[in-house]
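Read-outs: derived from the displayed coordinates by stated rules, not from any lab. Since the model is a prediction, treat every value here as computed from it, not as a measurement. Note: ideal-geometry Cβ built from the backbone for every residue, glycine included; neighbour counts use all protein chains shown.
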């Protein structure tokens with residue numbers, strides 16, 4: 001494809017900084033972090049010193065005041081290098097936006113500058129053992145006691161759960177009101193009653209710590225609530241489009257990189273007096289994958305441009321996530337086949353990409369949920385004429 005017009009020269013200069021950081025500070029240590037199941041906070045501090053965290057936060061709250069495309073550059077460069085950790089994406093794309101949009105000025109001043117520097121690590125505690133994509137059915141309860149909430153419940157599959165300084169926790173403040181009884185409350189990890197469970201042993205994304213979290217009578221000031229009480233579900237809905245776009249951005253980059261790795265490998269790998277790349281099947285499969293990836297790239301870039309104008313709809317974000325994550329899984333699967341036995345060895349990037357790919361069709365809303373969102377709008381539009 002020709003050069004993308006989405007990014008300016010300044011964005012590309014920043015990309016060089018990010019790529020240098022990834023290659024020097026992340027890649028050499030990533031295998032060990034996958035074994036450890038967590039990335040040290042020193043890495044977050046280094047990233048923060050270079051302006052790689054929460055790039056789009058206003059200067060008033062410790063950020064550089066850059067646009068969101070700088071965040072996108074970080075997402076793309078981490079994906080290009082096959083980094084399953086650290087969990088910068090959760091921190092910058094999911095946690096910070098909620099605080100910026102609905103936190104009090106006191107909360108913003110307390111946390112956003114520290115997040116930007118890497119001194120504080122954020123997590124968002126949504127999923128529960130009995131409530132995945134259906135967030136209105138969360139059971140974690142935040143009962144009012146004077147000027148405090150008392151929180152009891154359990155969360156699971158929480159990225160950055162082991163390393164977080166605080167969580168934005170989805171709670172029921174009115175247990176009988178369904179979606180209209182959900183609130184978002186910032187819970188510091190050092191509060192009595194807050195406990196981290198085990199670091200979960202996942203199929204992939206092993207360098208990104210993922211945990212169970214437990215709340216047993218955790219007392220939190222009412223001032224830690226984001227936005228109005230019982231309005232949390234509506235807040236979540238406004239940010240899910242961004243989260244799904246981020247997943248799509250990452251998936252397209254991995255697909256592009258997997259094709260690149262495969263072209264390079266098959267061009268060198270000898271077989272039957274030639275190379276694997278000489279076979280028509282190799283050429284045709286990779287050509288089809290490249291064409292499909294180019295098409296999805298154009299759509300995802302279009303969605304990014306719409307997001308920059310605050311015009312990205314939840315339906316288009318769902319389409320982007322559905323297409324890009326399905327493509328992601330398809331490309332790494334078909335590309336791995338060309339590596340033969342080597343593709344099954346985790347020392348090869350294609351093997352790690354294959355392992356890490358599967359969660360993309362679940363995280364940020366399962367693909368079935370994306371289809372439901374798209375279908376609802378499709379049938380509504382057609383019935384309306």
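Side notes on the structure shown:
- Here the residues 152, 316, 310, ranked from fewest to most Cβ neighbours within 10 Å of their Cβ, fall in the order 310, 152, 316.
- Under a Gaussian network description of the chain, with springs only between Cα atoms under 10 Å, the residue in 207, 110, 189 that fluctuates furthest is 110.
- Gaussian network model of the chain, springs between alpha carbon atoms under 10 Å - residue of 177, 120, 81 with greatest fluctuation: 177
- Helical content alone sets the calculated 222 nm signal of the chain at -15500 deg cm²/dmol, taking -39,500 (n - 2.57) per DSSP H segment of four or more residues and averaging over every residue.
- More than 17 angstrom apart: percent of Cα pairs within the range 9-120: 51
- The fraction of all Cα pairs in the range 174-245 landing in successive 5 Å bins from 0 to the largest distance is 3, 13, 14, 16, 22, 20, 9, 2, given as whole percents.
- Alpha-carbon gyration tensor eigenvalues x 5, square-rooted, for the range 264-360, Å: 32, 15, 9
- Candidates 247, 162, 280, ranked by Gaussian network fluctuation over the chain, Cα under 10 Å, top entry: 280
- Take the convex hull of the alpha carbons in the range 124-181; its mean projected area over all directions comes to 4.3 nm².
- Taken as Cα centroids, the range 323-354 and the range 38-103 sit 27 Å apart, rounded to the nearest whole angstrom.
- Order of 7, 339, 284 under a 10 Å beta carbon neighbour criterion, fewest first: 284, 7, 339
- Ranking of 117, 180, 321 by count of other Cβ atoms within 10 Å, fewest first: 180, 117, 321
- Span per principal axis, largest first, for the Cα atoms of the range 179-308 (Å): 71, 37, 21
- With all pairs of separate Cα atoms included, the chain yields a Kirkwood hydrodynamic radius of 21.7 Å.
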